[in-house]
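**Student:** This is the structure, below, for whatever I ask next.
The values are calculated or read from the model by the stated rules, or taken from the named source; none is laboratory data. Being a predicted model, the structure only gives us computed values, none of them experimental. Cβ sites come from the backbone with ideal geometry, for glycine too, and all protein chains shown count toward neighbours. Just the protein is used for accessible areas: all its heavy atoms, side chains included, with ligands, DNA and RNA removed. Shrake-Rupley method; radii C 1.70, N 1.55, O 1.52, S 1.80 Å.
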Amino acid sequence: MAQTLKRRRLLAGGLAGLVLGPILACPPLASAAPPRRDEPLLPARDLQAEAREAARSGFPLVLMFSRQDCPYCITVRRDYLAPLNRIPRFREVLVRQIDQDKETPLTDFQGRPTTHAAFAAREKVRLVPVVGFYGPEGQQLSEAIIGARLPDFYQSYLEAALLQGR
């Protein structure tokens, strides 16, 4: 009987070692790689000129409407828009940011002076992030992506909109 108890303890200890050993050997999550920082986009300055430049590449001008206090905007910018030019077939895509909460000077698609906030209001952007796809005359070439959506599918939404706008 004592021999059976001893075997059970050894077996239990062995199983615990097999199960817990790898877990305990892993570093804690806090010491894992630091989170990636926000990758800023260039602010839009002259939509008329930027849209013409984008059209020469065969892609729409991509405008991200954002706010400084929007954590979802950081995710979309950092994880999808900033790295877009690293994908070979999207290397030529021109992406600019419109800050919904700033009075940054801007020239609109018709060459008129405005601001980022006024342009966002004119485009009826209320909630951010919004990613829009524009042609050389300021026409929307694909349906805008509103919100952060599901991370597993966001890249697909983005690529589909770019290819449709092409």
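**Student:** From 122, 126, grab the single residue that is within 18 Å of residue 47 (Cβ to Cβ), open to solvent by 30 Å² or more (accessible area, probe 1.4 Å) and without any contact (Cβ under 8 Å) to a residue 40 or more places away in the chain.
**Tutor:** 122
**Student:** Anything in the range 118-166 that is more than 20 Å from residue 91 (Cβ to Cβ), within 14 Å of the chain's Cα centre (by Cα) and in a helix (DSSP H, G or I)? List them, or say none.
**Tutor:** 151, 152, 153
**Student:** Let me ask another. For the structure I just gave you, tell me whether residue 83 is open to solvent by 90 Å² or more (accessible area, probe 1.4 Å), within 23 Å of the chain's Cα centre (by Cα) and either at pLDDT below 50 or of a type outside the set (Val, Ile, Thr) (or both).
**Tutor:** In short, no.
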